[in-house]
Structures are given as C-alpha cells and as structure tokens.
Amino acid sequence: MEDAAHAGLRVALMAAEDRRRDFRDLLAREGIRVVLEQPLSGSLPFEWKGAEVLLVSLEGRPEPVEMSCLLAQSPLPVLINQGGVGDGGIWSRQLIGKLRTLAARGLPRARLEVAQQQANLRVIEDAGGGGERPWLIVLGASIGGPRAVARFLQALPDELPVSFLLAQHMSESFQDLLAEQLDRCSHWPVALLGDRQRLEAGQVWLVPADSRIEMRAGREVCRSAQGWNTIRRPDIDSVLSGAAEAFGSRCGAIMFSGLGQDGVRSCELVTRRGGFMWAQSAESCVISNMPEAVRRDCAVEFSGTPEELARALEQRCREEGARPN
C-alpha cells in the first residue's frame, strides 16, 4: 500500500542501468513512483511524464561544469546522489526526505497553497499542545563561506532542535548549485527557499539572492516581491534583524568567513532580543573581515573553527534541551 506521506510523489531517475534497478526497487518499497528513467549519459528529455523531482545517481565525483549544465537545463528540482543505494533504513529515510523537500519546492502554486493550509493547521495544533518552536540559527557567510559551512554541517549531528537559514553572498545563478553541493555533504537537507516555507527542525534553507524574505508568525518565511535594498545579495543584516524580531530569544547567528562588515548592524539586535552570536575563528577563515567585524562590535559569545562551532552547538542543545541560550 502506498504510504500516505509519499502519496503521489513522482520521480524521474537518471542513472546507469544497474543503479536504476536498485533505486527503482527502493523507491517502490517506499510507495514512490518512478515515471521516467534515463541513462546517465543521456540527454534530458522533453517529456517529463508528470515527474516532480529528478534523481541523478553519479558514479564518480561530478565535474562543476557538468553539474552547472544539468541544474541549468532541468525544469525539475534535482537531487544528486553519489555511490549508489546506501545501506540501512536511516540512509533510505534521508533520501526520501530530500526527495520530498525538493518536490515540494517544485509544486504548482495551487498545491503549494493547499500544503500551506495544512501546515497552518499543524501550527494551531502545535500551539494547543504546548510544543516549542525550533531554534532558528542564521548562518552568515561570504568569500570562503561555502567550504566553512560544509565543514560545519559535516561535523553537526542530524537530530538537533534547530532550523538554519543560510545567508551566503552569491549570485542567483549559482545558488542551486551551492544548495546541491551542500545537500550532498552531510545528513542535513539543504534547499533554496520557496515562495513560502514553514521552518522545521532539521533543515537548512538557502536565502534567495534575488528577493528579500519576510518572517511571519507560525514559523513561516516568505519571499518578498521586492529585491534587497543593498548591493549585498542576500543582505545578512536584513536576515538577522528579521530573524531577531520574529524569533526573539530563540534566534541565534553564526558568522563565517567573508569580506566586509555585513551583519554588524543587526548583531546587537540579536543579542538584545535574547539570542546569541557566534563567529568563525580568524585563523580558520579564508577571509576573516566579517567575523572579526562582528567580534569588534557585538558580544560574540563563542568563536571557533567550523568543527568547533558544530560541537559547541551540539553540546549546548544537549545540556539545555531545546533552549540553547
């Protein structure tokens, strides 16, 4: 019987012939339909047969140029897998979770609205049940940031009561590629924010470079119809101030490698609202201007390498449950 949680999910699969069989069997056990299969060396099809997400299984390390072409040409969200089908239920659940996340990003607007209505109902139920909101932690980064954030996520356990917003200075045309690369490097699902998203623990959302975001009640983040007011895209100060206003004492921020002083203007607001500010250590940065500027102008509680920052967050969550303050 098809699992209700995965009902209707349709996947296009691009892989070597033996890999396609393995993935087809795995997805069938989970009630997910493979509606289109393509050889790994084949061109992208013109007819997608109703597929909602493209799963690509690579045999080796992908070339950046080939990856960019694939992401630019595919009209579907793309999930890149390396090394074939993994062992164990945990790996399978992570794969299915990532497929569902990406498929939700590509849903037609009518279905997105239905999904959001269901999410709003869950917000009401959560409020009645006394459940606490997850922590929202903003990751601010610029030059050298992608590698630092990858190291941070790789060192981070996958079951923490936090949701991340990654505000990485980057051109819009490269954001999908960054999301795919970060998504593959750890157990944390990484995806670009859609028009409306409900923040849940266990997810990393990449802040769009082409439009501002608005924080709303009920853990909801929405894309604005307007662009950023500064040349920085996305603007870390704007993201920090919005997160501090919406999440208050349940907001935190970690500033990674970067050039400039983006984040300085709003870091005090984060701490004034009861949140915390951390920063990457200067010696571990490609360029340390951004974390150093925050350290000069704000009460930075902890500094360390990406791995030390991950261990510190794990320790804080373990010691204080869902309240790392």
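Remarks
- Residue within segment 143-166 that is within 23 Å of D237 (Cβ to Cβ), in a loop (DSSP other than H, G, I, E, B) and either touching a strand residue (DSSP E or B) at 6+ places or on another chain (Cβ under 7 Å) or touching a residue at least 60 places away in the same chain (Cβ under 8 Å) (or both) present: yes
- Condition met for R21 (among the basic types (K, R), surrounded by fewer than 16 Cβ atoms within 10 Å (Cβ to Cβ) and at pLDDT below 85): no
- Meets criteria (assigned to a loop (DSSP other than H, G, I, E, B) and in contact with a helix residue (DSSP H, G or I) (Cβ under 8 Å, 6 or more places away or on another chain)) for V286: yes
- Per the listing A279, A299, A293, the residue uniquely more than 21 Å from L192 (Cα to Cα) and surrounded by fewer than 17 Cβ atoms within 10 Å (Cβ to Cβ) is A299.
- Residue among S257, S281, S211 that is touching a residue at least 24 places away in the same chain (Cβ under 8 Å) and under 24 Å from Q175 (Cβ atoms): S257
- Test result for L269, in a loop (DSSP other than H, G, I, E, B) and closer than 20 Å to V239 by Cα: no
- Residue within segment 221-228 that is assigned by TED's automatic domain parsing to the domain that holds E172 and in contact with a helix residue (DSSP H, G or I) (Cβ under 8 Å, 6 or more places away or on another chain) present: yes
- Matching residues in segment 171-199 - criterion: being charged (D, E, K, R) and over 15 Å from L102 (Cα atoms): E172
- Residue count, segment 220-234 (criterion: aromatic (F, W, Y) and closer than 17 Å to A244 by Cα): 0
Okay, residues lined up against (1) of a type in the set (S, T, Y); (2) in contact with a Leu (Cβ under 8 Å, 6 or more places away or on another chain); (3) surrounded by 13 or more Cβ atoms within 10 Å (Cβ to Cβ); (4) at pLDDT below 85:
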residue: E17; (1), (2), (3), (4): no, no, no, yes
residue: E37; (1), (2), (3), (4): no, yes, yes, no
residue: L58; (1), (2), (3), (4): no, yes, yes, yes
residue: R61; (1), (2), (3), (4): no, no, no, yes
residue: E66; (1), (2), (3), (4): no, no, no, yes
residue: L76; (1), (2), (3), (4): no, yes, yes, yes
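- Flag if I287 is surrounded by fewer than 21 Cβ atoms within 10 Å (Cβ to Cβ), without any contact (Cβ under 8 Å) to a residue 24 or more places away in the chain and more than 19 Å from the chain's Cα centre (by Cα): no
The values are calculated or read from the model by the stated rules, or taken from the named source; none is laboratory data. What you see is a predicted model, and the numbers here were worked out from it, not measured in a lab. All Cβ positions, even for glycine, are placed from backbone atoms using ideal geometry, and neighbour counts span all protein chains on display.
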